[in-house]
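Undergrad: I have a structure here, written as structure tokens, and I will follow up with some questions on it.
Just so you know, all these numbers are worked out from the coordinates, no wet-lab data involved. Computed from a prediction, not measured in an experiment: that's the story for all the values here. Cβ placement follows ideal geometry from the backbone for every residue including glycine, while neighbour counts extend to all protein chains displayed.
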Amino acid sequence: MTNQQQLQHLYWRAGFGPRPQDIAANPNPRKALRQLLRDAAEYQPLAGPRIQAAEMQAMTPVPTPDLRQDPQAPALKKGELTSEQRKEQNRQIREAFYTMNTGWLERMATSPAQLREKMTFFWHGHFACRVRRPAAALQLNNTIRQLALGKFSDLLLAVSKEPAMLQFLNNQQNRKQRPNENFAREVMELFTIGRGHYAEQDVKEAARAFTGWSYDAQGQFVFRERQHDAGPKIFLGRTGNFGGEDILRIILEQPHTAEFITTKLYRFFVNDAPNPAHIQPLAQAFFRSGYDISDLVERLFTADWFYDAANVGTRIKSPIELLAGIKRTLGVELEDKKPLIVFQKALGQTLFEPPNVAGWAGGRSWIDSSTLLFRLQLPQVLLRNAEISIALKEDENDLDPQQTKSDRTFRQPVKAKAKLAPLGLLLAKTPEAQQPAALSQFLLQAPIRPENLQLVQQMAQKASAEGRLRTMVTSLLSLPEYQLM
């Protein structure tokens, strides 16, 4: 594998793809990784005037399914809003989420802190959470971003105390008189140790320990002592008057937790098929380090097997990786950001809207007949301003689930600009006849099939001199090979 191929692999996995200038600089992968780690060192919250304005507009009290359990919606009852007020409120909430969504996508495409944003994206799927309050969702997102490369123990505790997560997993209803097991069950099954390493009784005892974990009207964690079950509990073979922090500490003392997290990271960054021979040493080092996430990802990205052919160009890009990658590599800018939301919904992954607490399944689930067709059409839309016509599927969890098919249908040309000059510079010393092959080696992580290369060459020959580069890029991005990284 050439240095360029290794670099591209690293930039796709540790970030959202390479830019032409990244490859032109041609550092060795270890040097590039050190730079990625340095660039990710500083935490910058996702914020900005547009996000703040949208968030403030949607700050009015929001009805929830159970108002009695939500201290942030104390006074408002469903009957107090007219249908028009409710419609306007939904519009404001939707607008706030969409502004946060496109703001984060923009950051993924442009931020130097590629590794921090990629890790935030990973944890966004791992700690999947879907709430109606934009402020709570953004606060959780920034908590994850801040701790994304620190100690997993700190991240787990902070996320477990976030109002968004406590509300999403019903811990507002978890009281000593009526324990609710939902939060405790998901913390163990999905966030830490995984199925098979605890018993049903451990879930019940953990739920008792989390009683009293709540939040106030200002969106801050509070411990309500009167609601807490202070009695003795037996959890994973230990006995004590445990609270929630004790439960998390005991879970982290189990080596299975390190293995569970490492396996999930491996599947995200390396290969959908876990390789125990690779994972076991990483998990053991992760455990010994006290769950140091930076140390773990550095070990992963410097392992020799990370650059094996079996791990390069074999993962299907998630919709967000696909969109952010095109924006980053080609500098694509849309005149109107709304189509970016439509693309995400059509492709099956919308930021801040995971399908459930297990997050997105990923892998082969990203591709079916309709999503593959749209993936192959997308370059024409972004690089040729082609019109798209999409009827989005109904989504019962959507912010506005009552939309008619007409309201869910998006049909209009997309006005976008791409910066192709850096690509032209990358090809400047390559003879014209060899440019389709050279460009394919930069844009594709999987080897291009000979018949597809021939097709791109024919398209390039037919194009005008000024449109040749755009034609080649559009053709290459429209190939099935571009769906892989």
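Undergrad: Roughly what would the spin-label model give for Gln454 and Trp305, points 7 Å off Cα along C-beta, in nm?
TA: 3.9 nm
Undergrad: Still on this model: Under the 0.36 nm per residue contour assumption, what length would be gained going from the current alpha-carbon distance of Gln201 and Asn241 to full extension?
TA: 12.8 nm is the gain from fully extending Gln201 to Asn241.
Undergrad: Rounded if a/c is under 1.5, else prolate if a/b is larger than b/c, else oblate: which is the stretch 189-305, with a ≥ b ≥ c the root eigenvalues of its Cα gyration tensor?
TA: Verdict is prolate for the stretch 189-305.
Undergrad: Taking H placed 1.01 Å from N in the peptide plane, check which residues at least 5 places from Gly15 or on another chain put their amide H under 5 Å from its amide H.
TA: Amide H neighbours of Gly15, under 5 Å, 5+ apart: none.
Undergrad: While we're on this one: Taking Rh as the Kirkwood radius, which is the inverse of the mean 1/r over Cα pairs, what is the Rg/Rh value for the stretch 355-485?
TA: 1.05
Undergrad: Where the centre of each part is set by its Cα atoms, how far does the stretch 81-113 sit from the stretch 152-182, in angstrom?
TA: Computed from Cα coordinates, the inter-centre distance equals 25 Å.
Undergrad: Would you mind checking which residues have amide H under 5 Å from Arg175's amide H? H placed 1.01 Å from N; only 5 or more apart, or other chain.
TA: Residues meeting the criterion, in which the H sits 1.01 Å from N, are Asn180.
Undergrad: Which whole-Hz couplings ³J(HN,Hα) result when phi for each residue of the stretch 29-42 is put into the Karplus expression 6.51 cos²θ - 1.76 cosθ + 1.60, θ = phi - 60°, listed in order with x for Gly and Pro?
TA: x, 5, 5, 4, 5, 4, 5, 4, 5, 5, 5, 8, 5, 8
Undergrad: What residue among Phe268, Phe301, Thr257 has its Cα farthest toward the positive end of the dipole of the stretch 214-310, where the charges are +1 on Lys, Arg and -1 on Asp, Glu, each on the Cβ?
TA: The residue sitting most towards the positive pole is Thr257.
Undergrad: Rounded to whole Å, give me the distance from the Cα center of the stretch 1-40 to that of the stretch 313-386.
TA: Comparing the Cα centres of the stretch 1-40 and the stretch 313-386, I get a distance of 23 Å.
Undergrad: For the stretch 79-170, rounded, prolate or oblate, judged on the Cα gyration tensor with a ≥ b ≥ c (square roots of eigenvalues), a/c < 1.5 rounded, else prolate if a/b > b/c?
TA: Cα axes put the stretch 79-170 in the oblate bin.
Undergrad: At R0 = 51 Å, how high is the FRET efficiency between Arg288 and Ala465 if r is their beta carbon distance? Nearest 0.05 is fine.
TA: 0.30
Undergrad: Placing unit charges on C-beta atoms (Lys and Arg positive, Asp and Glu negative, everything else neutral), compute the dipole magnitude of the chain about its Cα centre in debye, rounded to 20.
TA: Taking the Cα centre of the chain as origin, the dipole is about 580 debye.
Undergrad: If you average the alpha carbon positions of the stretch 195-271 and of the stretch 448-473, how far apart do those two centres end up, in angstrom?
TA: If we compute the Cα centre of each part, the gap is 56 Å.
Undergrad: For Tyr215, enumerate residues with amide H under 5 Å from its amide H, sequence gap 5+ or separate chain, H modeled in the peptide plane.
TA: So Tyr215 has HN proximity to Val222.
Undergrad: Using alpha-carbon pairs under 8 Å, 6+ residues apart, how would you state the relative contact order of the chain in percent?
TA: Value for the chain: 16 percent.
Undergrad: Another question, if that's okay. By how many nm would the segment from Lys337 to Arg86 lengthen if fully extended, with 0.36 nm per residue of separation less the alpha-carbon distance?
TA: The span from Lys337 to Arg86 would gain 87.9 nm if fully extended.
Undergrad: Let me ask you something else. Largest first, please: the extent of the C-alpha atoms of the chain along each principal axis, to the nearest Å.
TA: 77, 58, 37
Undergrad: Another question, if that's okay. Can you pull the percent of Cα pairs in the stretch 126-174 with separation above 16 Å?
TA: When all Cα pairs of the stretch 126-174 are counted, 34 percent exceed 16 Å.
Undergrad: Once both labels are modelled 7 Å past Cα along the beta-carbon direction, what's the Gln173-Lys417 spacing in nm?
TA: 5.2 nm
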